[in-house]
Amino acid sequence: MEKYEPKEIEKKWQKYWEDNGTYKNYSREKKFYALDMFPYPSGVGLHVGHPKGYIATDVVSRFKMLNGYSVLHPMGWDAFGLPAENYAIKNKTNPNIFTAKSVANYKKQLEMFGFTYDWDREINTTDPQYYKWTQWIFLKLFEKGLAYESNAPINWCPSCKTGLSNEDLEDGKCERCGSEVEQKPMRQWVLKMTEYADRLLYDLDSPELDWEDMIVEQQKNWIGRSEGVQFEMKIKDSEEKIEVYTTRIDTAFGITYAVVAPEHPIIEKLKDKISNYAEIVQYVEDANRKTNLERTELQKEKTGKRLAEIEVINPFTGEAIPLFVADYVLGGYGTGAVMAVPAHDERDFEFAKKYDLSIVEVISGGLITENAFVEDGILINSEDYSSLSSQEAREKMADWLEKEKIGKRKVNYKMRDWVYSRQRYWGEPIPIIHCEKCGAVAVPEEQLPVMLPDVENYEPTGTGESPLAAITDWVNTTCPKCGGPGKRETNTMPQWGGSSWYYLRFIDPKNDKELVNKELEKEWMPVDLYVGGAEHATRHLLYARFWHKFLFDIGVVSTIEPFKKLLHVGLIMAEDGRKMSKRWNNVVNPDEIIAEFGADAMRLYEMFMGPFTQSIAWSTSGVSGTKRFLDKVWNVGSELAINKHINFESSADDSGKHDIKVLLNKTIEKVSKDIEAFKFNTAISQMMTFMNKFPGLEISINDFEKFLIVLAPFAPHIAEELWETIGHKESIFLQAWPEVDEKYLQDEEVEMVVQVNGKVRERLMVAYDVTEDEIKETALENAKVKVFTNGKEIKKIIFVPGKLINIVVVD
RNA sequence: GCCCAGGUGGUGGAAUUGGUAUACACGCCAGUCUUAGGAACUGGUAGAGCAAUCUGUGGAGGUUCGAGUCCUCUCCUGGGCACCA
């Protein structure tokens, strides 16, 4: 018997599958689209954490193939990004060179795992034939008014020298480099994601989407819908007014002042009336200089300035109250102005304490001399509304505002429109031409793609233009509308552009007439299983859903959601429990693991480590466990191939035959269920339990073949090799998944627990279908049981068939 | 502060409607084999006790014949959001 040499058989079968197109069986009746979040091919290559999600989709893909599905399981490259660009800046070479090298390296590493990828469908976001369609989508958004230019202040990373979207921030810092971002007004392209806010929110609960709670909740929080009212407060002795937004209109009789954000236009409008205007201007300038971080994290000390002499009117009481400017009010949310109720809002309470403003209690239940009482309650001091509940009052007061035409019900979102331009080189050019006469004009569709030209210097300029601005040949063009002189847009798209629709391109990767063929799209969409990192919950997954809904609206796609089932991969930490990082010198390279244990053992180990979505520390000695398991499979399989029948201990009798059939059928059942439920760890432990019966039990070759098919999704190479050794000519992956034989799901004998008052006192081997009457006598007469029942009155007996009998006695 | 997910042996973890707590694996211990080390294989492995037995799923209560699982309170860990009015 030959020894199990993974290295040889793995190469052999990887070549065989590729040469024979074993996976490309696309004409079956049922379809399954399994997708991984495609990687950014970095220069350093994979560590053992990266492939975990790919292994899971591969297991599911192979399982589905064996169950008669056409399976689409593609891979590609999200290749626009900073590392390649930084390499280009340093070496003054086109980032394409770096990208191509990294892609080749990644592909080589991925191929060692024996994944079922159809490499004919490989895509790369930096390929002009690909980004042509990314640009096309932008043009459609522009055409529908969903892409617009804005000059509002946005997040600016001084180190990356580019504007960023809210989704690109982490704790108010640049997600890529960790620098604190500034607020900087600049011309930029913005996508109207807020127009889709409601659908993005509500469709999270639609039956077309079946995601983990964690991700759903994160998106809901991010979208941040709140229902309230917006109403106007008149400025006393003036025609001007401010609009404020609140979710707590029930507290309106407790308003003692109002606040506007530093960027609020009313300040400028009232400058003749504000007696301390110079001071106010100074405050606004100071506030603008603060970074996001200073403005939000240093919240312990609130600051503000009263707009001297200015007073606003509370429409409910007619009372005139002071108006402040303070940076605890955000300019970008709601109206940028709020009513302040110190008795029932913590921030207002703190501010009122500091500036000695009055605090009026209007909801009973708290102790407002100590703290703001922020919960709902019963209204007091609120004229006609007194003694209503907060909930009732909110309805009645909103009704009144609407009737008087002072205000209206209003929904607000935390989510902002998507800041879509970057002042960097390595991204898709935005297909727009600026014309002095016509304004921003779309590049005609037939001129796509707008190619990203080579430049001499890839360094970001910091001026609000990308390095493309330096190529005057490219920038200067003619306006497609009037034929006059025009200038090309020099900003590029963010990293998230290409990845917001790539799942559609895999379906029809070479189509140069349309983004995706409609028939094929209907055939394959939605993605049935999507696996990737949880860090994309509020970035990629939000953007992709937004674009998908837009593509649905313009008739490109037929489903309202792109990804049916979403699963996040739990991180693999280093053995020391920290994140794997060059910095800590704790990175484990998959090439070395595969060289030592084989790809199959590595695949098994990563699926066996623990629950798939949980983050767990790597253990190289753990891989030796799954390797030992495969050794055993190899030995039993090889023995069988020679003898066609196995009986390690010659005395195995007929009952052994029944036992192994039961174990086999239980294994088939459990593995099938567990793969569907993504409980790969318990599926593998069941297969281990099965193999642990050898030597000892007798098994026929037919039964062992069934086991091999069940093992095949996890350890495809060894399964295929043994399948061949046994004498089969056709790939194991063209076989049918074994059916569970119901008559072999029940053990003949089971262990029955005998309890007294719920405590285990004895275990008896009994026929599985023993009845209460049959077992009662035996149990009561049992010596160990008697010790605890002697001389006591038996109150009742509880019997659970096949499991236990519990004798309840009076103590 | 708010939202989500979790707390089970030395370690990763397992446990249908409440029904044998610790499956499977790592590690460790002992044995076999080996010139030796390693590998491989076999057996053992929650804690206390000579034993019968007792105690054990973060903690405190509760419901129940019976609770890792259900209820109330509480502590801790990881993740997300966060001056969003």
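Observations
- Environment charge of A:Glu395, counting only residues whose C-beta is closer than 12 Å and scoring Lys/Arg +1, Asp/Glu -1: -2
- Helix A:540-553 and the longest principal axis of the Cα set of chain A meet at an angle near 80°.
- FRET efficiency for A:Lys405 and A:Gln447, using Cβ-Cβ distance with R0 set to 56 Å, rounded to 0.05: 0.65
- Whole-number accessible area per residue in Å² for region A:314-416, which is evaluated in the context of all protein chains at 1.4 Å: 51 Å²
- Segment A:Ala104..A:Leu734, full-extension length gain: 223.8 nm, with 0.36 nm per residue of separation and the alpha-carbon distance subtracted.
- Compared with the dominant Cα axis of chain A, that is its longest principal axis, helix A:346-355 is turned about 40°.
- Region A:709-811: chymotrypsin sites (Phe, Trp or Tyr not before Pro) in DSSP coil with no more than 14 other Cβ atoms inside 10 Å: A:Tyr768
- Estimated FRET transfer efficiency when R0 is 45 angstrom, pair A:Ile642-A:Asp773 (beta carbons, to 0.05): 0.30
- Charge tally for A:Trp474 (other residues, Cβ to Cβ under 15 Å; Lys, Arg +1; Asp, Glu -1): -4.
- Surface share of carbon and sulfur [accessible, 1.4 angstrom probe, percent] for chain A: 48 percent
- Cβ-derived FRET efficiency at R0 30 Å, A:Asp454 paired with A:Asp591, nearest 0.05: 0.35
- Computed on region A:772-811, with alpha-carbon pairs under 8 angstrom and 6+ residues apart, the relative contact order is 36 percent.
- Gyration tensor (alpha-carbon) shape descriptor, region A:480-582, a/c threshold 1.5: oblate
- Modelled spin labels at A:Glu143 and A:Glu18, positioned 7 Å past Cα toward Cβ, are 4.1 nm from each other.
- When Rg and Dmax are taken over the Cα atoms of chain A, they come to 33.9, 109 Å.
- Between A:Val44 and A:Glu742, the simple label model (points 7 Å from Cα in the Cβ direction) yields a spacing of 5.5 nm.
- Neighbourhood net charge (14 Å Cβ-Cβ; Lys/Arg +1, Asp/Glu -1) for A:Lys408: -2
- In range of the label at A:Ile797: residues from region A:743-767 whose backbone nitrogen is under 20 Å from the point 7 Å along Cα→Cβ: A:750-767
- Rg/Rh for region A:237-379, where both radii come from Cα atoms and Rh is the Kirkwood radius: 0.96
- Rg and Dmax of region A:32-185, both derived from C-alpha coordinates alone, stand at 18.9, 57 Å.
- Loop-located trypsin sites (Lys or Arg not before Pro) in region A:689-793, at most 11 other Cβ atoms within 10 Å (DSSP): A:Lys729
- Global geometry of region A:83-135, whether rounded, prolate or oblate, following the gyration tensor of its Cα atoms and the 1.5 cut on a/c: oblate
- Chain A: relative contact order in percent, alpha carbon pairs under 8 Å with at least 6 residues between: 14 percent
- Measuring nothing but how far apart in sequence close Cα pairs (under 8 Å, 6+ apart) lie, relative to its length, region A:357-449 scores a relative contact order of 12 percent.
- Sparsely packed loop sites in region A:356-434 (the GluC sites (Glu not before Pro) outside DSSP H, G, I, E and B with at most 15 other Cβ atoms within 10 Å) comprise A:Glu370, A:Glu375, A:Glu404.
- Of all DSSP bridge pairs formed entirely within chain A, close to 75 percent run antiparallel.
- Using alpha-carbon coordinates, inclination of helix A:6-20 to the longest axis of chain A, degrees: 70 degrees
- Calculated [222 nm] ellipticity per residue, helices only, for chain A: -10500 deg cm²/dmol; basis is -39500 (n - 2.57) per DSSP H run with n ≥ 4, divided by all residues, nearest 500.
- Kirkwood-Stokes translational diffusion coefficient of region A:607-763, alpha-carbon pairs, 4 °C, 1.567 mPa s, µm²/s: 76 µm²/s
The values are calculated or read from the model by the stated rules, or taken from the named source; none is laboratory data. This is a predicted model, so every value here is computed, not measured. As a convention, Cβ positions derive from the backbone with ideal geometry for all residues, glycine included, and neighbour counts pool all protein chains shown. Just so you know, the surface numbers come from the protein's heavy atoms only, side chains and all, with ligands and any DNA or RNA stripped out. Shrake-Rupley method; radii C 1.70, N 1.55, O 1.52, S 1.80 Å.
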